[in-house]
Amino acid sequence: MTILIIWLVAFCLIAYFAYQRWNSGVSEGLDKVLPGFLKSHGDNRYLWVITLAVLGATTLVQPVEMLLVVILLGLIGWVIMALASWAGNKTHR
């Protein structure tokens with residue numbers, strides 16, 4: 001129960017501060033990190049604020065699990081890119 005309360009408090013604080021500072025830097029910082037098709041350009045404020053708050057609160061409460069998920073997703077992405085590259089080389093010959 002304590003972890004849930006800590007997560008809720010962190011979620012509320014991150015969401016509040018991200019919402020308050022959306023126009024003064026959060027939107028621009030998010031657009032620098034994201035690929036072109038995901039850029040917000042200031043739109044979808046509520047979606048991105050909730051997403052950032054969930055990710056931030058989960059990272060604060062369970063940092064090791066989040067790190068392992070990021071590593072796992074990176075490995076899966078690397079394998080998919082390697083397979084796509086290999087399949088692309090096979091079709092051109």
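The values are calculated or read from the model by the stated rules, or taken from the named source; none is laboratory data. Just so you know, these numbers come straight off a predicted model, no measurement behind them. Quick note on the areas: whole protein, heavy atoms, side chains included, nothing else; ligands and nucleic acids left out. Shrake-Rupley method; radii C 1.70, N 1.55, O 1.52, S 1.80 Å.
Output the number of residues of segment 22-66 satisfying the condition of being at pLDDT below 90, open to solvent by 100 Å² or more (accessible area, probe 1.4 Å), not β-branched (Val, Ile, Thr) and not in a loop (DSSP other than H, G, I, E, B). Selection size over segment 22-66: 5. When Ile3, Ile71 are checked against the criterion of being more than 14 Å from the chain's Cα centre (by Cα) and part of a helix (DSSP H, G or I), a single residue qualifies: Ile3.
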